[in-house]
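Worksheet for the structure shown next.
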Amino acid sequence: MLDVRIDHIGHFINRASRVFADFKMPIDLYLVVGSAPCRAVRLAAAAIGVDLNLKNVDLKAGEHLKPEFIKMNPQHTVPTLDDNGLHLWESRAIMTYLANQYDKNGSLYPKDPKKRALVDQRLYFDLGTLYQSFINYYYQLVVTGVTPEQAKYDKMNDALSFLDKFLEGENYVAGKTLTLADLALAVTISNYQIVDHDLSKYSNILRWFAKIQAEAPKYNEVEGVGIKAFTDLVENARKKK
C-alpha cells in the first residue's frame with residue numbers, strides 16, 4: 001500500500017515538474033500602436049503564431065523615460081520586447097528573433113544562408129532606404145508643416161523604384177514564399193498610402209501589396225488598428241497647421 005502511494009506521489013511530482021518546465025511567462029511587447037516598426041513586429045508575431053502581451057507606451061507622458069523602462073532598454077525606444085527577461089529592441093532584430101525562436105515552419109526566415117541573406121538584404125533596404133526616406137520627408141512635412149527640399153522627395157521615389165524593380169516578375173520581395181521582408185515592407189508601403197503618396201506608377205508594388213494584404217496572417221486584424229492610429233496622427237497634425 002505504501003509503495004503504491006509513493007508511486008502515485010512520484011508520478012504527481014514528475015507531472016508537476018513537466019508542467020512547470022513548460023510554463024512560460026507571456027511575451028511582452030512595449031509599443032506605440034501606430035508606429036510602423038511596432039506594426040511590423042506584430043505582423044511577424046501573427047504570422048509565426050506567437051501571442052504577444054501588448055503594453056502601450058505613452059511617449060508624451062514620458063513613460064519610455066522612466067527608470068524601469070531605461071533599465072530594460074537604455075535607448076528608451078519602441079518597440080521593445082521582453083521574452084522572459086530577454087530584452088530586445090530594434091524591430092527587425094525582434095522579428096528575426098521571434099522567427100528563429102518560435103517559427104516551426106521556418107519559411108518566414110529561411111535557414112538556408114543564401115535565402116536568408118536575401119531576406120536580410122530586403123529588411124535592411126527597408127530600414128535604411130525605403131522607410132528612412134519616408135521618415136526624412138513626411139515626418140518633417142506632417143509634424144512641422146514645412147515642405148522638405150525636393151531632393152528628399154526624389155530619394156523616396158528612387159527607393160520606391162528600386163522596390164518596384166525587385167518585384168519585377170516576382171510575387172514576393174525575397175524568394176518564392178512569404179517572408180519577414182514582405183511583412184516589414186508592406187507596413188512601410190501602407191504608410192505611403194496613408195499620406196497619399198502617388199504610387200500609381202509602381203505597378204509591381206501595387207500588385208504585390210494587394211497579395212500580401214490578402215495573404216499575411218491576421219493582416220486586417222493587426223494592421224487595421226495600427227493604420228487607424230497612424231492615420232489619426234497624420235490627420236491631427238494636418239489640422240494643427
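Could you grab me the full set of residues in segment 20-56 that are among the small types (Gly, Ala, Ser), out of contact with any strand residue (DSSP E or B) (no Cβ under 8 Å at 6 or more places or on another chain) and either at pLDDT 95 or above or assigned by the TED database to the domain that holds residue 183 (or both)? Explain how you work it out, then say what you get.
Step one: of segment 20-56, the residues among the small types (Gly, Ala, Ser) are 21, 34-36, 40, 44-47, 49.
Then drop every residue that is not out of contact with any strand residue (DSSP E or B) (no Cβ under 8 Å at 6 or more places or on another chain), which leaves 21, 34-36, 40, 44, 46-47, 49.
Of everything in segment 20-56, those that are among the small types (Gly, Ala, Ser), out of contact with any strand residue (DSSP E or B) (no Cβ under 8 Å at 6 or more places or on another chain) and either at pLDDT 95 or above or assigned by the TED database to the domain that holds residue 183 (or both) turn out to be 34, 35, 36, 40, 44, 46, 47, 49.
Confirm whether residue 126 is acidic (Asp, Glu), surrounded by 16 or more Cβ atoms within 10 Å (Cβ to Cβ) and within 28 Å of residue 56 (Cα to Cα). Don't jump to the end; show me each part of the working.
On the way: acidic (Asp, Glu): yes; surrounded by 16 or more Cβ atoms within 10 Å (Cβ to Cβ): yes; within 28 Å of residue 56 (Cα to Cα): yes.
Yes: the conditions hold for residue 126.
Select the helices (runs of 4 or more DSSP H) contained entirely in segment 123-213, then report the ones holding at least 1 residues which are in contact with a Leu (Cβ under 7 Å, 6 or more places away or on another chain) and not assigned by the TED database to the domain that holds residue 41. Steps first, answer last, please.
Numbers: elements: 131-134, 140-144, 150-166, 180-194.
Filter on segment 123-213 gives 150-166, 180-194.
Of all residues in segment 86-114, how many are surrounded by fewer than 19 Cβ atoms within 10 Å (Cβ to Cβ), outside any loop (DSSP other than H, G, I, E, B) and of a type in the set (Gly, Ala, Ser)?
Adding up the residues that qualify gives 1.
The values are calculated or read from the model by the stated rules, or taken from the named source; none is laboratory data. The model shown is predicted, which means the values in this text are computed figures rather than measured ones. Glycine gets a Cβ as well: all are built from the backbone with ideal geometry, and neighbour counts include every protein chain shown.
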